[in-house]
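Undergrad: Below is a structure I'd like to ask you about.
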Amino acid sequence: MSPKACKACNVRQAVEGFEPYAPGRSIDEIRQLYGLENIIKMASNENPLGASPLVKKAIEHSAGSVFRYTQSGTPRLSQAIATLHGVDPACIVTGNGSDEVIDLLIRCKAEPGRHNVVAFDPCFSLYTTQSRLCGVELRQAKLNSDFTFNWDALLSLTDENTALVFVTTPDNPSGYCPPAAELSALAQKLPEGALLVIDEAYMDFAAAHNGQDNVNLARYSLLPEITKYNNIAILRTFSKSWGLAGLRLGYGIMPAALADYLCRVRPPFSVNILAEAAGLAALEDRDFRRATLLTVEEGRNYLSLELAKMGCKVYPSHSNFIMFGLPKNSPLSPDELFNALLKRGIIIRQLKSYKLSQLLRISVGNMDENKMLLAAMRELLHA
Ligand SMILES: *Cc1c(COP(=O)(O)O)cnc(C)c1O
């Protein structure tokens, strides 16, 4: 019996045509494919130093409790996050990655068949996939050709049925980071019902200076003055700067009235007991934090400089990754370079899913990884 013949397996139209998230290639996959021992992964913007030793200890400590349900609503973690940002814990919504908070926002705010969601093109794919899945119209404004933001184009797509406007800053995959004043101007111009969702998955890297947290935060983020706005939600994640991608932990900071709805709708216990313990421990480790931010700053400067020396077109990044195009006289296409690096056990990121097939993205690694990548690229590009 062909799958089509099975009526009981019929699904909603939006599910039939659903295109799943395109993840970076995994270490295990490449190790098996090419029979390699050592793999360097610079594809998914993970922490180049791994996870904090305090996190590992906290997970070991909690291992004996995994048969228990965690305390519903993660109150201890929400309190710790609220303290970190100086906001009311009632404004925090934790989730199974910030992906879950994105999904909750769309499902809570956007009425299928009536509301629309607005974002840039290209954008992080979760905004588009979850809108489609929800049956909500998605409107996208083209980024400028240099990957800066065309606010007027974005604004012109909004109307009284706009439920959500998604902006990623620093942006993925370009690393571009607009000044906070531009976000503030946008928030003030949006139609009344629209919530501006500012995805700050990588903001820690823009805000840091010399390994110190938040030195430049006010320049790029509305977080320090979020209580002044009633139409802004800011998304943060433990997946990148905090080194917990595999545990799935993210959160949103939003008006308490909206946070309350999301928390009621959220599946119970979506943040698991180990993720909660790890998140609390990660926030405690100041030394690891400083080392992470320093490693990313130094690596980003070093890679940007060296790639430019090779003749690559490097887009200035405020994040922990770098988007670049190959030199004009490159002997390899982006596709060919990507595959040649894979064969050597170095995973970087193609940007086909962003419809940017001429560009590539690398996540900043530790210094050894950065050097190995550059050496391989110099050889392959004869640069
Ligand atoms: C990585 C990333 C996230 C975070 O996803 P998690 O679900 O928290 O792992 C969110 N937004 C963007 C743009 C990202 O690149």
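What follows draws every value from the coordinates through simple rules; no lab data is involved. Small disclaimer: the values here were computed from a predicted structure and weren't measured. Every residue, glycine as well, gets a Cβ built from its backbone with ideal geometry; the counts of neighbours run over all protein chains shown.
Undergrad: With unit charges on the beta carbons (Lys and Arg positive, Asp and Glu negative) and the dipole taken about the Cα centre of segment 228-304, which residue among Pro268, Phe288, Ser239 sits farthest to the positive side?
TA: Pro268
Undergrad: Assuming R0 = 22 Å, what is the FRET efficiency of Lys56 and Lys343, from their Cβ-Cβ distance, to the nearest 0.05?
TA: That pair, Lys56 with Lys343, gives E of 0.10.
Undergrad: Continuing with the same structure: Skipping prolines and chain starts, which residues have an amide H placed within reach, meaning under 5 Å, of the one on Ile346, given they are 5 or more residues away or on another chain?
TA: Ile40
Undergrad: Give me Thr148, Thr128, Thr83 ranked fewest to most by other Cβ atoms within 10 Å of their Cβ, as a rough exposure proxy.
TA: Details: Thr148 14, Thr128 18, Thr83 11.
With the fewest neighbours first, Thr148, Thr128, Thr83 line up as Thr83, Thr148, Thr128.
Undergrad: So, one more: Springs between alpha-carbon atoms under 10 Å, Gaussian network over the chain: tell me which of Ser156, Ser221, Ser304 tops the mean-square fluctuations.
TA: Its mean-square fluctuation being the largest, the pick is Ser156.
Undergrad: Along the Cα→Cβ direction, 7 angstrom out, place labels at Lys371 and Arg107. What is the inter-label distance in nm?
TA: Result for the modelled spin labels: 4.8 nm.
Undergrad: Which peptide among 118-124, 187-193 comes first, and what is the full order, when sorted by highest mean count of other Cβ atoms within 10 Å?
TA: Ranking the peptides 118-124, 187-193 by packing returns 118-124, 187-193.
Undergrad: Another question, if that's okay. Work from the charge dipole of the chain (Cβ charges, +1 for Lys and Arg, -1 for Asp and Glu, about the Cα centre) and give the residue of Pro53, Ile40, Cys312 farthest towards its positive end.
TA: The Cα lying farthest towards the positive end belongs to Ile40.
Undergrad: Of Asn301, Ala277, Pro255, which is farthest on the positive side of the dipole of segment 253-368, counting Cα position, with +1 on Lys and Arg Cβ, -1 on Asp and Glu Cβ, and the Cα centre as origin?
TA: The Cα lying farthest towards the positive end belongs to Asn301.
Undergrad: If one computes the Cα centroid of segment 221-240 and of segment 174-211, what distance in Å separates the two points?
TA: When both Cα centres are located, 8 Å separates them.
Undergrad: Quick test of your reading: applying the under-4.7 Å Cβ rule, which cysteines of the chain are isolated?
TA: Cys91, Cys108, Cys123, Cys134, Cys177, Cys263, Cys312
Undergrad: Under the classification rounded if a/c is under 1.5, otherwise prolate if a/b is larger than b/c and oblate if not, where does segment 165-295 fall, given a ≥ b ≥ c as square roots of the Cα gyration tensor eigenvalues?
TA: Oblate.
Undergrad: Additional query: In terms of the Cα gyration tensor, with a ≥ b ≥ c the square roots of its eigenvalues, is the chain rounded because a/c is under 1.5, prolate because a/b exceeds b/c, or oblate?
TA: Rounded, because the longest to shortest axis ratio a/c is under 1.5.
Undergrad: Using label points projected 7 Å from each Cα along Cα→Cβ, tell me how many nm separate Asp287 and Glu379, to one decimal.
TA: With each label placed 7 Å out from Cα toward Cβ, I get 3.6 nm.
Undergrad: Okay, next question. Given the Cα-Cα distance of Ser156 and Glu37 and 0.36 nm per residue of separation, how much length would full extension add, in nm?
TA: Computed gain between Ser156 and Glu37 is 37.7 nm.
Undergrad: List the GluC sites (Glu not before Pro) within segment 1-73 that fall in a DSSP loop (any state other than H, G, I, E or B) and whose Cβ has at most 13 other Cβ atoms within 10 Å.
TA: Sparse-neighbourhood loop GluC sites (Glu not before Pro): Glu37.
Undergrad: Then there's this: Quick one: check the C-alpha center-to-center distance for segment 108-132 versus segment 324-380, whole angstrom.
TA: 31
Undergrad: Within segment 9-81, which chymotrypsin sites (Phe, Trp or Tyr not before Pro) sit in a loop by DSSP and count at most 15 neighbouring Cβ atoms inside 10 Å?
TA: Those that pass, being in a loop and sparsely packed, are Phe18, Tyr21, Phe67, Tyr69.
Undergrad: Pick from Val101, Val265, Val167 the residue whose mean-square fluctuation is largest in a GNM of the chain, springs joining Cα atoms under 10 Å.
TA: It is Val265.
Undergrad: Roughly how big is the chain's charge dipole about its Cα centre, with Cβ charges of +1 (Lys, Arg) and -1 (Asp, Glu), in debye to the nearest 20?
TA: Charge dipole of the chain: 640 debye, to the nearest 20.
Undergrad: Taking the chain as a Gaussian network, where each spring joins two C-alpha atoms under 10 Å apart, which residue of Asn272, Asn38, Asn96 fluctuates the most?
TA: Asn38
Undergrad: Could you give the length gained on full extension between Val265 and Val66, defined as 0.36 nm per residue of separation minus the Cα-Cα distance, in nm?
TA: Between Val265 and Val66, full extension yields an extra 69.2 nm.
Undergrad: Using only helices, what value at 222 nm comes out for the chain when you add -39,500 (n - 2.57) per DSSP H run of length 4 or more and divide by the total residues, to the nearest 500 deg cm²/dmol?
TA: -11500 deg cm²/dmol
Undergrad: Which of rounded, prolate, oblate describes segment 1-158, given a ≥ b ≥ c as roots of the alpha-carbon gyration tensor eigenvalues and a/c under 1.5 marking rounded, otherwise prolate only if a/b is larger than b/c?
TA: rounded
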